[in-house]
Amino acid sequence: TRSTRPQRLLTHVKQRARRGDAQSVITTIDDYCRAREWAMNVGDEKGSILDQVVCEVSPDVALELGTYCGYSSVRIARLLPPGARLLTVEFNHDYATIAREVIDWAGLQDRVQLLEGASGDLIPQLRQKHGIETLDFIFLDHWKDRYLPDTRLLEDCSLLRRGTVLLADNVICPGTPDYLEYVRSSPRYQSQYFSSHLEYTRAEDGLEKSVFLG
Ligand SMILES: Nc1ncnc2c1ncn2[C@@H]1O[C@H](/C=C/CNC(=O)c2cc([N+](=O)[O-])cc(O)c2O)[C@@H](O)[C@H]1O
Ligand SMILES: [Mg+2]
């Protein structure tokens with residue numbers, strides 16, 4: 001049977017990227033997705049905004065919702081301070097398998113813990129099962145209709161503290177209207193929109209950065 005897009009992307013990484021070199025994995029994926037076949041990675045343009053926010057926050061504990069092929073896991077983990085860690089959640093087993101290999105190829109397996117399962121099931125387990133007290137940074141990039149329910153769940157599980165930063169991909173395209181309305185109108189968040197473009201295209205898209213105020 002024909003390979004899947006993530007499988008072809010992983011093959012390309014193994015053929016072209018230098019093992020242990022996270023930046024070469026990132027560049028290889030972006031070049032492939034721009035030149036050969038589009039994939040829903042956050043990409044280089046929005047990725048540099050993601051980098052900037054991760055560097056500002058310098059999180060000890062980061063959470064990513066929606067690993068897909070691991071592109072943004074690599075972007076985030078390469079910037080983490082020593083001893084810090086990224087937990088990334090993915091419920092598609094095939095994608096999770098590919099992502100683990102991409103993260104390994106980048107040499108970041110010691111900083112990234114990929115949790116296989118649905119965010120709605122895993123978020124309530126973060127404290128007991130994964131020793132998380134509170135989260136410093138969350139990157140939301142999974143199904144767009146899950147951003148709001150999962151944010152409410154993070155609140156209800158007391159996993160946010162004053163200053164926790166939520167960064168949401170695709171708030172314009174495909175769009176997350178209910179999430180955007182919530183974080184922009186709630187007195188518990190200070191939100192800021194970073195205008196950019198949908199990965200590898202000229203379409204408008206952007207990231208919403210929301211700081212939890214406690
Ligand atoms: N509740 C959940 N728990 C765990 N894993 C979950 C999950 N919901 C989705 N996922 C996983 O997260 C990824 C989905 C991303 C949706 N992005 C998108 O749909 C998307 C679409 C476009 N686009 O169409 O242009 C552009 C983008 O940047 C996008 O992120 C997939 O790997 C999926 O298996
Ligand atoms: Mg996205």
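The values are calculated or read from the model by the stated rules, or taken from the named source; none is laboratory data. Please read these numbers as outputs of a predicted model, since none were measured by experiment. Positions of Cβ are generated from backbone atoms using ideal geometry, with glycine treated the same way; all protein chains shown enter the neighbour counts. Calculation scope for accessible area: heavy atoms of the full protein, side chains included, ligands and nucleic acids excluded. Shrake-Rupley method; radii C 1.70, N 1.55, O 1.52, S 1.80 Å.
Some notes on this structure:
- Taken together, ARG100, ARG75 contain a single residue that is touching a helix residue (DSSP H, G or I) at 6+ places or on another chain (Cβ under 7 Å), open to solvent by 10 Å² or more (accessible area, probe 1.4 Å), part of a helix (DSSP H, G or I) and more than 9 Å from ligand 1 (Cβ to nearest atom), which is ARG75.
- Screening LEU166, LEU135 for residues that are among the hydrophobic types (A, V, I, L, M, F, W, C) and either open to solvent by 70 Å² or more (accessible area, probe 1.4 Å) or away from ligand 2 (no atom under 16 Å from the Cβ) (or both) leaves exactly one candidate, LEU135.
- A single member of GLY117, GLY175 is more than 16 Å from ligand 2 (Cβ to nearest atom) and open to solvent by 10 Å² or more (accessible area, probe 1.4 Å), and it is GLY117.
- Residue tally, condition over 20 Å from ASN41 (Cβ atoms), in contact (Cβ under 8 Å) with a residue 60 or more places away in the chain and either part of a loop (DSSP other than H, G, I, E, B) or touching a Cys at 6+ places or on another chain (Cβ under 9 Å) (or both), over region 134-158: 1
- Among the residues making up region 3-45, those that are surrounded by fewer than 18 Cβ atoms within 10 Å (Cβ to Cβ), more than 16 Å from ligand 1 (Cβ to nearest atom) and part of a loop (DSSP other than H, G, I, E, B) are SER3, ARG18, ARG19, GLY20, ASP21, ARG36.
- Among residues that are farther than 17 Å from SER73 by Cβ and without any contact (Cβ under 8 Å) to a residue 24 or more places away in the chain, SER185 is included.
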